[in-house]
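To keep things clear, I will list the structure first and then write my remarks on it.
None of the figures in this text is laboratory data; all of them are computed from the coordinates on show. What you are looking at is a predicted structure, and each value in this text was computed from that prediction instead of being measured. Glycine gets a Cβ as well: all are built from the backbone with ideal geometry, and neighbour counts include every protein chain shown.
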Amino acid sequence: MTTGDGVAVRAEQVSRHYEMGAAVIRAVDEVTLEIRAGEFVALLGSSGSGKSTLLNLMAGLDRPTGGAIFANGRNLSGLSSLELARYRSRTVGMVFQSFNLLPRMTLEENVELPLRLAEVDRGERGARVQEALERVRLEKRLTHRPSELSGGEQQRAALARALVNRPTILFADEPTGNLDSATGESIMLLLKEIQQKLGMTIVMVTHERPLAERFADRIAALADGKLLTDGVKS
Amino acid sequence: MKAGDLGELALRNLREAVLRNSLTTLGVAVGVASLVAMLSLGVGLQELATRRLSNSGLFDTVIVTARRNMQGMRRPAANPVPAKPERALDEDARSEFARLPNVLEVYPQMRFPTEVRYNGNPYSTIVAGVPDSARGNGSYDGIQGSFFSGPNAEEAILQIEFAKDLSEQTATLIGKELVVRYAERQALAPENGVGNGSGANASDGAGGFSIVPREKKLRIVGIVETEPAAGFGGFGSGRLLIPLEVASTLRAAQVNDLREAVRATTGKPAYASLTVRAKSPAQVEAIETAIKSMGFGTFSLLDATRNLRLFFTIFDLLLAIFGSLALAVATLGIINTLVMAILERRREIGILKALGAADRDVKQLFFVEAGVMGLFGGVLGVGFGWFIGRALTWGTNIYLHRQNLPSAHVFSVPWWLVLGAIVFAVGVSLAAGLYPATRAARLNPVEALRYE
């Protein structure tokens, strides 16, 4: 789903400032960024550059202190808490560096969780979970718990969970940060495959320039909360 | 989130910290048990008191007299209401009373002075007639010996103090015979066609009467602590009880007979007073009103029953307050458990929100967890409370038996208390979950996801 002009998400002069006593920390400072539908964009930057904060703002996990973010033709800042939750549930999928699977649930239950939150009918859920796990090639590990999986498998399971509600935008926050390079590469290949097969918009935060250059269509580099460069990779 | 999913997730969360949640639930159960035990004790004592007092005949009884008998006994009314035509308390009136709704029986009060001869010694006392219906009303549960073998049995039951006058070994009196000397009325022919009311028996003539001393031999069949159905229309407690039918056939002169003899009446035989028994104390007021509207004077202990209800309402309230203290402590336990759960599940709450959970979903999840603990605690607590009650009843009855007193049910768990306690436990638990649930719902997902 796009804003109508082929744009999946657009940040306009977005700021996210935190007050720490008398000091004001400008985690994101007047960033303007447009992500087109079907694009694979890497937000590149060192630690503290504001890339994860910007991702959280675009994913509807946080609200900006200034500017606006448009998704589905609506300004996320103007949405109620419930509407923002619906946006996260139906439009957005999220993958984290530390996987964030619920350890006491099986793989099947973890992947089913977003379907429960989106109130998808019980009869439909089994097939949707199966489809998502097949896409990440974990369909045979349904009953395993996260602790019984390798890091790469856990990230693939997290990817299946992010895809199960068939979102239009996938936000990935350092998806290879906790993985060795080989496993990280396999995850990146999977992300690329998903983008190409499903035509999904992917916004990925990373601090690894080679990874971004190899897999992303476009790289937006941030430093100290500001957008330094934004362009198609060389 | 749908209710089914909410329930499943809540139960799963509760199972994860099974020891802590079980202890919290046990805390609720102890609180509910305390509440149920206290209230059940209150209800049980109320039922016991009501049953005993009802059986005593004091609270389900209306004493009816002819209105003129009550004149001079009351303070004059500020705004006197025009009196209804005076009516005689005769057989017609007795039949009318018997036809009133919720009237169990109507019988005349029979009390007369006698001299009892036992072992050659004279003893003055009062004889009271006891209706056969008293047999099954529980008043004679603690009797030594037995109730009358029949309504016409020439038998006597002694009040314990009177029995002690006759013999120090009261138990040896049972089966023995005594002689009752009394004054029998013998009807005289009416003068000039105008009849005078006789005391109590419709078989008597309506004219004047002469007094003839008589004797009656009776066999002692039982001894009671106090006179059940002592009533309040006579002139003292009966210390020697005989069947009402037998008392009627004796045609013994009663105190009221002298008054009736000098009054001009309709010519029909009239009763000095009638006892009207209602099916339950609750119906006394309506019956009393109906009888008054017929033109008779009435007397009952209606105010006393009202005061009794008021006393037990306050008593139950106090017991409920004391019982609720334990539940209040349990409520703090629920709050503590859920606040701990928020700290432990902070990251999980962040994940749920990132996956699309609304604040409302998180709030409901914690609410359901609190409610489930309340439900289980409530059900368990009612069970514990019932068990405590059984133990109390058991212990009380052992003590009563040692004191040679009859068994008593001092504990009652009515269905409304079972349902009410469970609903109350769930309600209190939900209230306890309000703060933690609101706090969990307000967690910022970004901060929650950072939490390790």
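Go through region B:147-182 and name the chymotrypsin sites (Phe, Trp or Tyr not before Pro) that are in a DSSP coil and have 12 or fewer other Cβ atoms within 10 Å of their Cβ. Listed in order of number, the matching sites amount to none.
Pairwise alpha-carbon distances in region A:102-165 exceed 16 Å for 33% of all pairs. Working note: Cα gyration tensor of region A:21-111, eigenvalues times five, square-rooted, sorted largest first, giving semi-axes of 24, 18, 15 Å. In the distance distribution for the protein assembly as shown, Cα-Cα pairs more than 44 Å apart total 53 percent. Regarding chain A, what's the average projected area of the Cα-atom convex hull, expressed in nm²? Value for chain A: 13.0 nm². In this structure, A:S46 and A:S181 have a Cβ-Cβ separation that, at R0 = 25 Å, corresponds to a calculated FRET efficiency of about 0.85.
Does anyone have the angle between helix A:122-135 and the longest principal axis of chain A? Alpha-carbon axes, 0 to 90°, nearest 10? That works out to roughly 80 degrees. When +1 charges are put on Lys and Arg Cβ atoms and -1 charges on Asp and Glu Cβ atoms, the dipole computed for chain A relative to its Cα centre reaches about 360 debye.
In the protein assembly as shown, a dipole from Cβ-located charges (positive for Lys and Arg, negative for Asp and Glu) runs towards its positive end, and of A:V111, A:L190, B:L41 it is B:L41 whose Cα lies farthest in that direction. Semi-axes of the equivalent ellipsoid of region A:104-234 are 29, 16, 13 Å, computed as sqrt(5λ) over the eigenvalues of the C-alpha gyration tensor in descending order. Toward the positive end of the charge dipole of the protein assembly as shown, with +1 on the Cβ of Lys and Arg and -1 on the Cβ of Asp and Glu, the farthest Cα among B:G350, B:L301, A:L82 is that of B:L301. On the basis of the beta-carbon distance and an R0 of 25 Å, A:K140 and A:S80 show a calculated FRET efficiency of 0.05. Karplus-derived 3J(HN,Hα) values for region B:270-281, using 6.51 cos²θ - 1.76 cosθ + 1.60 with θ = phi - 60°, are 10, 8, 5, 7, 10, 9, 10, 9, 8, 5, 8, x Hz; glycine and proline are entered as x.
Placing +1 on each Lys and Arg Cβ and -1 on each Asp and Glu Cβ, with no other charges, gives the protein assembly as shown a dipole about its Cα centre of roughly 460 debye. When the charge dipole of the protein assembly as shown is built from unit charges on Cβ atoms (+1 for Lys and Arg, -1 for Asp and Glu) and taken about the Cα centre, the candidate among A:L102, A:L61, A:P167 whose Cα reaches farthest toward its positive end is A:L61.
Fewest first, what order do A:S52, A:S46, B:S133 take by the number of other Cβ atoms within 10 Å?
Fewest-to-most ranking of A:S52, A:S46, B:S133: A:S46, B:S133, A:S52.
Enumerate by residue number the trypsin sites (Lys or Arg not before Pro) in region A:1-47 meeting two conditions: DSSP loop (anything except H, G, I, E, B), and at most 14 other Cβ atoms within 10 Å of the site's Cβ. Answer by residue number: there is no such site. Computed about its Cα centre, the charge dipole of region A:102-165 is approximately 160 debye, with only Lys, Arg, Asp and Glu carrying charge at their Cβ.
Extents of region B:347-452, taken as max minus min of Cα coordinates on every principal axis and listed largest first, are 74, 28, 17 Å.
Label separation (B:A282 vs B:Y123): 4.2 nm, computed from points 7 Å beyond Cα along the C-beta direction.
Which order do B:I314, B:I160 fall in if you start with the one that has the fewest other Cβ atoms within 10 Å? Can you show the working numbers first?
Values: B:I314 11, B:I160 15.
Fewest-to-most Cβ neighbours within 10 Å comes out as B:I314, B:I160.
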